[in-house]
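The structure under discussion appears below in the form of structure tokens.
The values are calculated or read from the model by the stated rules, or taken from the named source; none is laboratory data. Because the structure is a prediction, the values reported are computed rather than measured. We place every Cβ from the backbone using ideal geometry, glycine too, and count neighbours over all the protein chains shown.
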Amino acid sequence: MSVEQSINLIWLSLGSVALVEFAAHAAPGAIVLDLQHGLWERGTLEAAIAVAGSSVPVIARCAENSPQAIAQPLDAGAASVLVPLVETADDARRAVAAGRYPPLGKRSAGGVRPLLAGVGAMLEADRHVAVGVLIETVRGVENAAAIAAVPGVDYLFVGTGDLALSRGTGDPGVIARDGAHVLQAARQAGLPCGLFTQDAAGARAALADGYRMAVSANDIDVVKQGFWAACRALG
């Protein structure tokens, strides 16, 4: 997955393959499947990636920073993994190792989709996988420069929700300063940086500030707001 240009993300948590198809039809830069907090299971993950097809890259927000949690979405055909709660350079090194085949990492070879075209194609696909890390705690913000310097990290991403919990405040100014700190660390390392945003207006502002990835819509809010609007329209 290329992260050389600005990418509009649609974030999906509800575990619906049908919603993935609708999201892909809207032609975003990429789709994020939230395996950490979402309702995705292995079978629906495989189906969702198949439905998205080659036209829309799929990023998997992993359930955790572990070899199995990172390898499973890659085995399903995800273009990128976004590894949560990375707080140190050692955390980042573990994520990179789990996301790459030897000799670059420790990822185990296997799965159904990677081997469809043979081992050679599996190894070639590995060259295009992007490993992203979520900075979403105060400790992660403080160590952002060291995390960004880890070889094999392809991009940083600021998780604003968990960061607000870690900070003990959702004050927009405080979170914005933390984000700017991570963004600067990414720039100094020559890496793109993304930001979790709630809607298109937030995404537009983030991209204008220099972030290269931002969330224009997420399925929970789109569905919730659609139902609320319909009910209110009837009085």
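M213 falls short on exactly one of the conditions (1) under 20 Å from V32 (Cβ atoms); (2) exposed (fewer than 14 other Cβ atoms within 10 Å of the Cβ), and that condition is (2). Between G194, G190, G235, G210, the distinction of being modelled with pLDDT under 95 and not aliphatic (A, V, I, L, M) belongs to G235 only.
On the stretch given as the range 192-235, residues that are closer than 22 Å to V20 by Cα, part of a strand (DSSP E or B) and out of contact with any Ser or Thr (no Cβ under 9 Å at 6 or more places or on another chain) total 2. A Cβ distance below 6 Å, combined with a sequence gap of six or more or placement on separate chains, defines the contacts here; from the range 181-195, residues that are under 16 Å from A205 (Cα atoms) and in contact (Cβ under 8 Å) with a residue 24 or more places away in the chain reach residues that are in a helix (DSSP H, G or I) and of a type in the set (A, V, I, L, M) in the pairs C193/L183; C193/A186; L195/A206.
Note on the range 152-172: residues that are part of a helix (DSSP H, G or I) and of a type in the set (D, E, K, R) amount to 2.
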